[in-house]
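First up is the structure itself, then whatever we jot down about it.
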Amino acid sequence: MSFSKILGQNKALNFLQILLKSERIPPALIFNGPEGVGKFLTAKEFAKALNCIKSGKEDESLFADEQKKPQTEKELTKPCDSCISCEQIEKRAHPDVRIVDSVFQGLLLQDEINKQKNIKIESIREITKYVYARPMLSARKIFIVQDAGNLTMESQNAMLKILEEPPADTIFILICACKNLLLPTILSRCHVIEFKPLPASIVTDILSVNSIPLNEAIMYGEISDGSVKKALDIKNLMEKISGFDPMDPAYAFKISAGLPKELYLAREEAGTFLDILIARSHARWKINSSNNHKNLLTKLMTFKKYLKQNVSPGLILESALIEASETGISIGVGDKNV
Ligand SMILES: [Zn+2]
């Protein structure tokens, strides 16, 4: 992995390169933008570039004081990806680069990883120990907070206290899909770097490099809203319903019955199904300009709004699938009309 493998985010990467060359790194950065567009990968590569001890050095020299000195401009702008620092960051094993996410919190609280929806105060207290300690191996301590929008209010206030007087050589990278979920007082202490949705062609390229057949990669890319994560979510949903027959009268009910039990997950999954139907009816409408497909599009958009209200995601999805099937649109991977 290297910066060159991060696609479609040239503006953000160029700015980070300027920071690396200047060696004047703000103590707190926010990487803001949709999920699945490369924010975390970029944060990881940036951390590598900041703490890289460059290729060609002996591993033991990592502990030597001279390795803690800032590197030259040329060396800083590109991680070697092979020194012990880069390798440890890649494996989440670098003692000066901490990643706060559901894995970190699950291990800390000895709880299931997929239940860690919010970043609790315990996680912030845990990293605070390292924030005020000296770096162990590298010149800088770096804290990458995934889904910072999920910081509880208590956690945000604790984070704010740190950001008010951050220790020297400590850098925070808050990764966020919606920066406005953060306190204005946190926002005012961070430099925000915006990440954009990826072009569909780049999502397709990334998927096909990862062994997804090109025809499917194109289809997922076109309805992904520029997010690799969303494209993979769609792929997983398609696989989940691949055993159902669209001609089965109970098709809609079977898909609806398979929604997750947790309401927020059911809402999310039903929303993705609706996005697929919307993309397909839009594509069909562009081809034949029929009123049927235009009306269907309007109905599907209305269903999407209902999802945000207190209406059962299962009922909405069933209604949407039935309406769509009446105009010949199904949701399976076999539908090539996208
Ligand atoms: Zn390196």
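What follows is calculated from the coordinates using simple rules that are stated; it is not laboratory data. Please read these numbers as outputs of a predicted model, since none were measured by experiment. When we count neighbours, we look across all protein chains shown, and the Cβ atoms used for this are built from the backbone with ideal geometry, even at glycine.
Taking neighbour counts of Cβ atoms within 10 Å as a proxy for exposure, in what order, fewest first, do LEU300, LEU181, LEU237, LEU174 appear?
Fewest to most other Cβ atoms nearby, the residues stand as LEU181, LEU237, LEU300, LEU174.
HN-Hα J couplings of region 173-183 from phi, Karplus 6.51/-1.76/1.60, θ = phi - 60°, integer Hz, Gly and Pro as x?
Once θ is set to phi - 60°, the couplings for region 173-183 become 10, 9, 9, 8, 8, 8, 4, 6, 6, 8, 4 Hz.
Report the local net charge at LEU207: Lys and Arg +1, Asp and Glu -1, summed over other residues whose C-beta lies under 15 Å from its C-beta.
-2
Taking amide hydrogens as modeled 1.01 Å from N in the peptide plane, which residues meet the under 5 Å criterion relative to CYS83, leaving out close sequence neighbours?
none
Using packing as a proxy for protection, rank 151-162, 305-316 so that the peptide with the highest average count of other Cβ atoms within 10 Å comes first.
Ranked by mean Cβ neighbours within 10 Å, highest first: 151-162, 305-316.
Quick one: give the max-minus-min coordinate of the C-alpha atoms of region 137-267 along each principal axis, largest first, in Å.
Result for region 137-267: principal-axis Cα extents of 63, 34, 28 Å.
Suppose the chain between ASN114 and ASN236 were pulled fully straight at 0.36 nm per residue; how much longer would it get relative to their current alpha carbon spacing?
Extra length available between ASN114 and ASN236 comes to 42.2 nm.
Working out 0.36 nm times the residue gap between ASN292 and LYS91, then minus their Cα-Cα distance, what length gain in nm do you get to one decimal?
67.1 nm
Under the rule of at least 5 residues apart or a separate chain, name every residue whose amide H is placed under 5 Å from the amide H of ALA28.
PHE172, HIS191
Taking the simple approach of a point 7 Å from Cα along Cα-to-Cβ for both GLU165 and MET301, what is their distance in nm?
5.3 nm
From the phi angles alone, apply the Karplus equation (6.51, -1.76, 1.60; θ = phi - 60°) to region 270-279 and give each ³J(HN,Hα) in whole Hz, x where the residue is Gly or Pro.
So the J values, rounded to whole Hz, are 4, x, 5, 4, 4, 4, 5, 5, 4, 4.
Would you pull out the residues with amide H under 5 Å of VAL97's amide H, same chain only if 5 or more places away, H placed 1.01 Å from N?
Amide H to amide H, under 5 Å and 5 or more residues apart or across chains, VAL97 pairs with ILE142.
Can you run phi through the Karplus equation (6.51, -1.76, 1.60; θ = phi - 60°) for region 107-120 and list ³J(HN,Hα) in whole Hz, with x for Gly and Pro?
For region 107-120, the Karplus-derived couplings read 5, 4, 8, 6, 9, 5, 4, 6, 9, 8, 7, 10, 8, 8 Hz, x marking Gly and Pro.
State the extension gain, in nm to one decimal, for the chain segment bounded by LEU214 and LEU181, taking 0.36 nm per residue of separation less the distance between their alpha-carbons.
Computed gain between LEU214 and LEU181 is 8.2 nm.
If Lys and Arg each add +1 and Asp and Glu each add -1, what is the summed charge of the other residues whose beta carbon sits under 9 Å from the beta carbon of THR272?
Computed value for this residue: -3.
May I ask you to derive the FRET efficiency for THR152 and LYS308 from their Cβ-Cβ distance with R0 = 22 Å, giving the value to the nearest 0.05?
Given R0 = 22 Å and the Cβ-Cβ separation, E is 0.50.
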